[in-house]
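Comments concern the structure below.
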Amino acid sequence: MLRWIYKTLWLQKGPVLSSASGVAAAFVLVIALEAAFVGESNQIVGYIRHANADVWVMQKGVSNMHMATTFVWDWKVKRISELPGVKHATPILYVNTVVKAGGRNWFAYVIGLKPDGARAGPWAMTEGKPHPGAGQIVLPRVYADMAGIKIGDKAEIADKAFTIVGFSEQTFSMANSIAFVTFSDLEELLSISGTVSFILVDAQEGQDPRELAQRIEQQIDKVSAIPQERFIHNDFQIALLMGVEIVSFMTIIGSALAALIIAFTAYSQVARRRRELAIAKALGFKNQSLYLAIIMQTFIITGLALAMALLVSWVLLPAISAFVPQVTLAVTTASLIKMSLIALAVALLAALVPAHFVARVDPISSFKV
Amino acid sequence: MWRLAFRQLTHDWIRSLLTALAISAAIAVILILRGFEQGLYAQSEAVVLDRGGQLIVAQAGVSNFLAVRSSLPQLTRERVEAIDGVSLAHPITGFWVIYGPEGNKFPLLLLVYDTLGGPPPLIEGRSIEDGHDVIIDIGLSKKFDLKPGDPLVISDFEFRVAGITNHSSALFSTFAFVSYDGMIDLFLESEIAPDISTFPLLSFLLVDLEPGADRAGVMQAIEDQVPDVDVFTPQQLAQNDVALGKELFGPIMGVLISLSYMIGLLVIGLIVYADVSVRRHDYGVMKALGFRLSHIVRGVMVQTMMLMVFAFPIGVSVASLVAIGIEWRAPVYMVDVLEPLGLVHVLSGVIVMMILGGLLPLRLIARTDPVIAFQVE
């Protein structure tokens with residue numbers, strides 16, 4: 001039986017390979033769509049991850065950074081820095097807005113840095129200086145690549161012009177790139193004073209961040225204090241949940257497409273071999289054995305397609321990110337495992353139509369020319 | 001030629017049906033992705049156009065409505081209304097808040113309005129009567145199972161859902177509408193801000209003109225006489241938001257749509273190739289009967305086109321059904337499958353794919369020996 005399946009597939013290498021390619025492409029599309037949301041979610045938490053504070057302090061009731069608005073009285077920074085277990089407290093001002101440069105507009109997190117707030121600034125630079133002065137701005141390097149801007153050019157936020165003094169690495173995101181300006185420039189832009197958005201708290205050595213977060217919430221009025229890992233998790237989840245339904249629907253339709261392609265190929269194979277099937281039946285092979293053969297055939301095509309899809313996802317998707325810097329695709333193991341399980345279901349589903357055909361083949365037809 | 005192609009399709013109808021369905025599914029994937037992209041832009045556009053007003057006044061330097069901070073001084077309204085040709089200037093502001101329980105948080109744009117700029121017609125409930133009332137979008141209603149009368153707690157302040165509207169979503173998030181009283185209550189009674197002035201209390205002015213007023217003239221007069229503002233028509237601001245959306249989503253959607261076209265090409269190529277491969281005996285007979293290669297290739301093309309004529313409307317129907325399913329299940333998304341330009345693009349793409357797919361087995365047909373006509377299959 002196995003040899004018959006193998007020979008059947010081998011004789012039809014072209015259609016089988018092109019079928020597997022079509023199915024693989026459908027799988028890749030599903031993986032890519034999920035990878036886009038995961039990649040973007042990763043980028044969205046990039047700042048939090050790299051700023052790497054032990055505890056993030058913000059306005060009470062707020063528990064994330066992405067699209068959040070938070071304001072805390074600035075005197076609380078000093079109070080927090082004096083608490084036991086706190087090594088250092090760094091305030092930042094933050095707004096989610098549009099940055100214009102080189103004739104193009106981007107959504108961005110704009111971070112306002114205090115003169116002594118370098119630890120909250122960019123962590124990797126391509127060019128220029130990492131810490132902006134008054135009227136200066138540090139932008140993601142990808143902006144320079146896309147808009148042809150360079151050090152010394154102007155960027156605008158609302159009606160305020162800034163001079164570009166540096167380009168940072170790992171700070172670009174489709175939804176929220178990170179731009180750095182001075183704290184006072186951002187205060188002026190927002191027409192506010194006396195408040196900060198977030199306080200990045202570094203704990204003393206040996207201090208448990210969760211205990212420190214609890215202590216801050218107990219002793220400082222009207223703030224939320226969240227350990228780093230929890231804060232990353234919150235933002236990652238909020239970004240990911242925004243695309244969860246569209247990913248689910250595209251997974252369904254991509255899988256349906258894959259099932260149809262495999263069903264078509266398997267059906268074409270058995271339709272061509274109607275006579276062989278009739279002979280097999282005349283020789284005493286039971287329908288169950290033939291069903292098994294068809295299922296194995298769909299499994300082989302699906303397995304081949306899955307292997308191609310995984311390989312392509314592994315190689316092509318990172319390459320896409322490299323060639324299209326605006327796009328960050330992150331393939332996760334969970335996504336690949338999910339795709340494998342879907343492939344299993346697809347293979348079974350695709351076997352239904354040819355199995356129906358096999359059931360209807362009459363052994364008597366083997367004696368007809 | 002047409003008859004032969006038609007009979008070849010109807011000879012094995014299960015196979016032809018599977019073929020058409022596979023092509024339809026490939027077309028549907030392309031249409032859904034394109035529709036999703038178009039929906040993103042249409043939502044961004046509608047956010048501005050649905051607010052009303054003939055002109056929109058923003059902070060100087062601000063040229064978008066969505067996801068930007070615009071802050072106008074309180075006196076701006078009075079100054080704008082004093083200009084000849086201006087009938088009324090309606091205030092509107094907005095800020096992002098995060099709603100939802102731990103583990104299921106969702107960004108929400110709280111749009112604050114007074115006399116214009118509120119929600120589109122309600123589909124359930126009633127309009128705002130006091131500061132605790134909020135109108136939410138159906139997307140939020142479905143996501144959190146919220147109905148009129150339910151509480152909506154934001155930063156420990158309890159709003160009450162008064163009504164539910166639709167078409168009030170953009171950028172993967174939804175809007176909630178409250179009155180200025182509601183906003184003040186939220187600021188004063190909740191812990192949302194230590195200082196009320198940290199939030200822009202006036203972001204935009206929606207300007208109604210007097211009958212017969214010259215819109216361009218009034219725009220210029222506002223720019224000249226009111227300091228630190230920029231004036232737009234709603235269409236201009238909407239187009240700026242669409243352009244920003246394209247900057248934001250264009251690259252990733254381009255990659256995904258290109259992938260979906262590639263799948264379409266592979267699917268069609270596979271089907272045509274497999275079909276020709278199966279019918280090599282028939283083509284051998286045709287060659288033995290004196291049919292020329294060009295004639296056979298034309299036959300394959302006609303057959304492919306027939307499949308497309310059948311598959312395209314099915315693909316559009318499948319995509320429309322999936323779009324309805326997505327919008328029903330998650331109204332925060334809009335999937336504009338039937339956008340005419342998008343349909344034309346996809347149809348053109350499919351025709352190109354069909355031609356390329358039809359050419360793929362050319363070599364196979366050319367290599368088919370007429371002698372196989374005399375062999376038993």
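What follows draws every value from the coordinates through simple rules; no lab data is involved. Since the model is a prediction, treat every value here as computed from it, not as a measurement. Cβ placement follows ideal geometry from the backbone for every residue including glycine, while neighbour counts extend to all protein chains displayed.
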Name the long-range amide H neighbours of residue B:132: under 5 Å, sequence gap of 5 or more, or other chain; modelled H, no Pro or chain starts. none
Taking the convex hull of Cα positions in the range B:55-232, its mean projected area over all directions (nm²): 10.6 nm²
PRE zone check, label point 7 Å out along Cα-to-Cβ of residue A:145, amide N under 16 Å, scope the range A:328-346, hits A:328-330
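At a Förster distance of 30 Å, what's the computed FRET efficiency of residue B:114 paired with residue B:156, Cβ-Cβ distance as r, to 0.05? Show your work: numbers first, answer last.
Working: r = 25 Å, r/R0 = 0.83.
My answer for the efficiency is 0.75.
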Take the alpha carbon atoms of the range A:131-191, find their center, do the same for the range B:230-258, and report the distance between the two centers in whole angstrom. 21 Å
Placing +1 on the Cβ of each Lys and Arg and -1 on the Cβ of each Asp and Glu in the range B:55-232, which of B:104, B:200, B:151 has its Cα farthest towards the positive end of the resulting dipole? B:104
Under the definition of partner shielding as Cβ atoms of other protein chains within 10 Å of a residue Cβ, what is the mean value for peptide B:203-210? 0
Dividing the alpha-carbon radius of gyration of the range B:220-283 by 2.2 N^0.38 Å, where N counts its residues, gives 2.40
Please report the base-10 log of the normalised intensity I(q)/I(0) for the range A:146-294, using a Debye sum with one equal scatterer per alpha carbon and no solvent, at each q in 0.09, 0.10, 0.19 (1/Å). -0.65, -0.71, -1.23
How far, in degrees from 0 to 90, does helix A:209-219 lean away from the longest principal axis of the Cα atoms of chain A, to the nearest 10? 50 degrees
By the DSSP-based rule, helices of chain B that are at least 30 Å long along the axis (C-alpha) and have a mean Kyte score of at least 0.0 are B:13-49, B:234-278, B:293-329
For the pair residue A:307 and residue A:3, what calculated FRET efficiency results from E = 1/(1 + (r/R0)^6), where r is the Cβ-Cβ distance and R0 = 22 Å, to the nearest 0.05? 0.50
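Over the range B:218-377, what is the relative contact order in percent, taking alpha-carbon pairs closer than 8 angstrom and at least six residues apart?
Numbers: 98 pairs, mean separation 61.4, N = 160.
Contact order relative to length: 38 percent.
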Within 10 Å of the Cβ of an average residue in B:86-98, the count of other chain Cβ atoms is 2
Output the relative contact order of the range A:61-221, whole-number percent, from Cα pairs under 8 angstrom with separation of 6+ residues. 32 percent
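On average, how many beta carbons from a partner chain sit within 10 Å of the beta carbon of a residue in A:246-253? Write down the numbers at each step before the final one.
Working: counts 10, 0, 3, 10, 8, 0, 2, 10.
Across A:246-253, the average partner-chain Cβ count within 10 Å equals 5.
Could you sort the peptides B:148-158, B:353-363 by per-residue average Cβ neighbour count (10 Å cutoff), highest mean leading?
In decreasing order of mean packing, B:148-158, B:353-363 become B:353-363, B:148-158.
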In order through the range A:163-169: 3J(HN,Hα) via Karplus (6.51 cos²θ - 1.76 cosθ + 1.60), integer Hz, x for Gly, Pro: 8, 6, 10, x, 10, 9, 9
Ranked packing of B:99-105, A:306-312, A:139-145, most packed first, by mean Cβ within 10 Å: A:139-145, A:306-312, B:99-105
Cα lying deepest toward the dipole's positive end in chain B, options B:6, B:17, B:46, charges on Cβ: B:6
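Give the relative contact order (percent, whole number) for chain A; include only Cα pairs under 8 Å separated by 6+ residues. Each step should come with its number before you reach the end.
Values: 662 pairs, mean separation 102.7, N = 369.
The value is 28 percent.
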Taking only the alpha-carbon positions of the protein assembly as shown and ignoring solvent, what does the Debye formula give for the base-10 log of I(q)/I(0) at q = 0.08, 0.09, 0.10 Å⁻¹? -0.74, -0.87, -1.01
Globularity index of the range B:1-119, i.e. its alpha-carbon radius of gyration over 2.2 N^0.38 Å: 1.91
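Net charge around residue A:90, counting only other residues with Cβ within less than 11 Å of its Cβ (Lys, Arg = +1; Asp, Glu = -1)? Can you show the working numbers first?
Numbers: positive: A:87, A:114, A:119; negative: A:116, A:202.
Taking every other residue near residue A:90 into account, the sum is +1.
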With the charge dipole of the range A:61-221 built from beta-carbon charges (+1 for Lys and Arg, -1 for Asp and Glu) about the Cα centre, the Cα from A:80, A:174, A:112 projecting farthest to the positive end belongs to A:174
In whole Hz and in residue order, list the ³J(HN,Hα) couplings for the range B:67-81 that follow from phi through the Karplus curve 6.51 cos²θ - 1.76 cosθ + 1.60, θ = phi - 60°; x for Gly and Pro. 6, 10, 9, 10, 9, 10, x, 4, 6, 4, 4, 4, 5, 5, 5
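At 25 °C and a viscosity of 0.890 mPa s, what translational diffusion coefficient does Stokes-Einstein give for the range A:61-221, taking Rh as the Kirkwood radius over Cα pairs? Give it in µm²/s as a whole number.
Numbers: Rh = 16.4 Å.
Diffusion coefficient, whole number: 149 µm²/s.
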Could you list the square roots of 5 times each eigenvalue of the Cα gyration tensor of the range B:136-285, that is, the equivalent ellipsoid semi-axes, sorted largest first and rounded to whole Å? 51, 28, 15
Grab the beta carbon distance between residue B:216 and residue A:314, set R0 = 60 Å, and tell me the FRET efficiency rounded to 0.05. 0.60
Relative to the present Cα-Cα distance, how much length would full extension add between residue B:309 and residue B:371 at 0.36 nm per residue of separation? 18.9 nm
Gained length - residue B:288 relative to residue B:225, 0.36 nm times residue gap less alpha-carbon distance: 14.0 nm
What are the ³J(HN,Hα) couplings of the range B:139-153, residue after residue, when phi is run through the Karplus curve with 6.51, -1.76, 1.60 and θ = phi - 60°? Round to Hz, x for glycine and proline. x, 5, 4, 6, 4, 10, 6, 9, 10, x, x, 6, x, 10, 8
With -39,500 (n - 2.57) per DSSP H segment of 4 or more residues and division by the full residue count of the protein assembly as shown, the 222 nm estimate, nearest 500 deg cm²/dmol, is -17500 deg cm²/dmol
Expressed in whole Å with the largest first, what are the equivalent ellipsoid semi-axes of chain B derived from the C-alpha gyration tensor as the square root of 5 times each eigenvalue? 58, 23, 15
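How big is chain A by the Kirkwood estimate over distinct Cα pairs, in Å? Spell out each step's value before the answer.
Values: mean 1/r = 0.0413 Å⁻¹.
Hydrodynamic radius (Kirkwood, Cα pairs) of chain A is 24.2 Å.
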